[in-house]
Ligand code: BG6
């Protein structure tokens, strides 16, 4: 298991993810000397290209998607690239592909970034060509199914050729520095852990808001919707990191064991605990944008927004709601976690006219990477007319605290971990299945309630029912 791959085989090499994320990440790593010196990258897809034209294709992608100051050594990187055309659905081409890849015994990492319908035939082809030996790792990009049953089918097909300790399931949120920092914040400071429970925390909010709309992913998105596209994976991983028990070490098994316990403890939601929405026309920033159905070109009942009130049924989180919210065409791009603490049990200032607001920790994941803890302080003065208290933020702006460090693409970390064989930041099968189990129950609930997405104007925070979902409990979303 502990080998560093000296070749990387990229399926879907001419696709969108490859252009925007994978090739730029690999080039950036190479420019910093972080890639194994002898690593060869073999791209494959249906397009008729050869090594030369694939290198030109990659150069264009890098010039478009990688900042110029991270492209040093691009020529050397391009020389690592090779290409083999493949129709993934028929066995024939795989022997030629294997010849291009060469002997996998020194360590081969395969990255599947293709439609899930191709996973089965691709695995069969790889097996046929002998690209499934003990030194081969398999990395899978989402979507891994559309429900628990289809996800099990994919996992079974992959498991027939590769054991779990060689399967790397991507959730790119785990590659984000700020998401990993959640672990440091919780488990490298003594301050938080003693109060990280229902005695001191009143509720948690997780928001993943986007300003973008369909972005041309018409067929995929309309079949998926926000629940399956964002909640099933990214948001549940964030929730698991916030809610999990302290693992014994920073180790793939220890961390994933704790996350899966949280995911399995998610309570099935009841009627009225979720809201769905679909964006109509509106304005984002200064730009007028069309509604979802107009972009799609047909009527649709797919949700582009979802808000959920969830619970983790265990001792630590007894009666603490987790409010989750995600949507497209919202007013700003922001991912953040809000931990709302309870009020002090008794105010010694009540008789002096001062009111106390409970502490709140806001962890900004993107685009601002900052951690803000709101604290009550005394307003300076002689207090002749009573004591005045005010909430002030204790702010850590991560880019300032770590100025000079590179802002990385999430995939850089994940690709390097894949090449080196560290599974800590990849999702284990039991996690994915626990995630789907909860999501399937939500969809069944929607079906039973005959819930239809409510329309919201692009550039607003979703349907008003989402505000009401929290306000019923006296909670306001942190906007
Ligand atoms: C992807 C979803 O997994 O994550 C997209 O399919 C979404 O719909 C994207 O836009 C968001 O990722 P990020 O890193 O921009 O927050």
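Any idea which of 161, 149 is free of Cβ contacts under 8 Å to residues at least 40 places away in the same chain and crowded, with 16+ Cβ neighbours inside 10 Å?
The unique qualifying residue is 161.
Within segment 116-132, is even one residue under 23 Å from residue 430 (Cβ atoms), at pLDDT below 95 and within 16 Å of the ligand (Cβ to nearest atom)?
Yes - at least one qualifying residue is present in segment 116-132.
Of everything in segment 185-211, what is closer than 30 Å to residue 17 by Cβ and away from the ligand (no atom under 13 Å from the Cβ)? Give them in sequence order.
185, 205
Quick one: count up the residues across segment 342-381 that are in contact with a strand residue (DSSP E or B) (Cβ under 6 Å, 6 or more places away or on another chain), more than 16 Å from the ligand (Cβ to nearest atom) and under 20 Å from residue 477 (Cα atoms).
Looking only at that region, the number is 14.
Does segment 170-177 contain at least one residue that is out of contact with any strand residue (DSSP E or B) (no Cβ under 7 Å at 6 or more places or on another chain), more than 30 Å from residue 460 (Cα to Cα) and either surrounded by fewer than 21 Cβ atoms within 10 Å (Cβ to Cβ) or in contact (Cβ under 8 Å) with a residue 24 or more places away in the chain (or both)?
The answer is no; no qualifying residue exists.
Does residue 158 count as within 15 Å of the ligand (Cβ to nearest atom) and at negative phi?
No, not satisfied.
Any idea which of 214, 182, 239 is surrounded by 21 or more Cβ atoms within 10 Å (Cβ to Cβ) and either within 26 Å of residue 405 (Cα to Cα) or within 16 Å of the ligand (Cβ to nearest atom) (or both)?
After applying the criteria, what remains is 239.
Name the residue, out of 414, 469, that is part of a helix (DSSP H, G or I), over 21 Å from the mean Cα position of the chain (by Cα) and buried (at least 18 other Cβ atoms within 10 Å of the Cβ).
From the options 414, 469, the qualifying one is 469.
Can you name every one of the helices (runs of 4 or more DSSP H) wholly within segment 2-101 that holds 2 or more residues which are over 25 Å from residue 133 (Cα atoms) and either without any contact (Cβ under 8 Å) to a residue 40 or more places away in the chain or under 28 Å from the mean Cα position of the chain (by Cα) (or both)?
In segment 2-101, the matching helices (runs of 4 or more DSSP H) lie at 23-31, 51-65, 74-79.
So residue 460 ticks every box in (1) at pLDDT 95 or above; (2) assigned to a loop (DSSP other than H, G, I, E, B); (3) out of contact with any strand residue (DSSP E or B) (no Cβ under 8 Å at 6 or more places or on another chain) but one. Which box is left unticked?
Failed condition: (3).
Looking at 408, 329, 357, which one is in contact (Cβ under 8 Å) with a residue 24 or more places away in the chain, under 18 Å from residue 204 (Cα atoms) and either more than 23 Å from the chain's Cα centre (by Cα) or not in a strand (DSSP E or B) (or both)?
Going through 408, 329, 357 in turn, the sole match is 357.
The values are calculated or read from the model by the stated rules, or taken from the named source; none is laboratory data. Only a predicted model underlies this, so the values are computations on that prediction, with no experimental measurement involved. For neighbour counting, all protein chains shown are included, and Cβ atoms are generated from backbone atoms with ideal geometry for every residue, glycine included.
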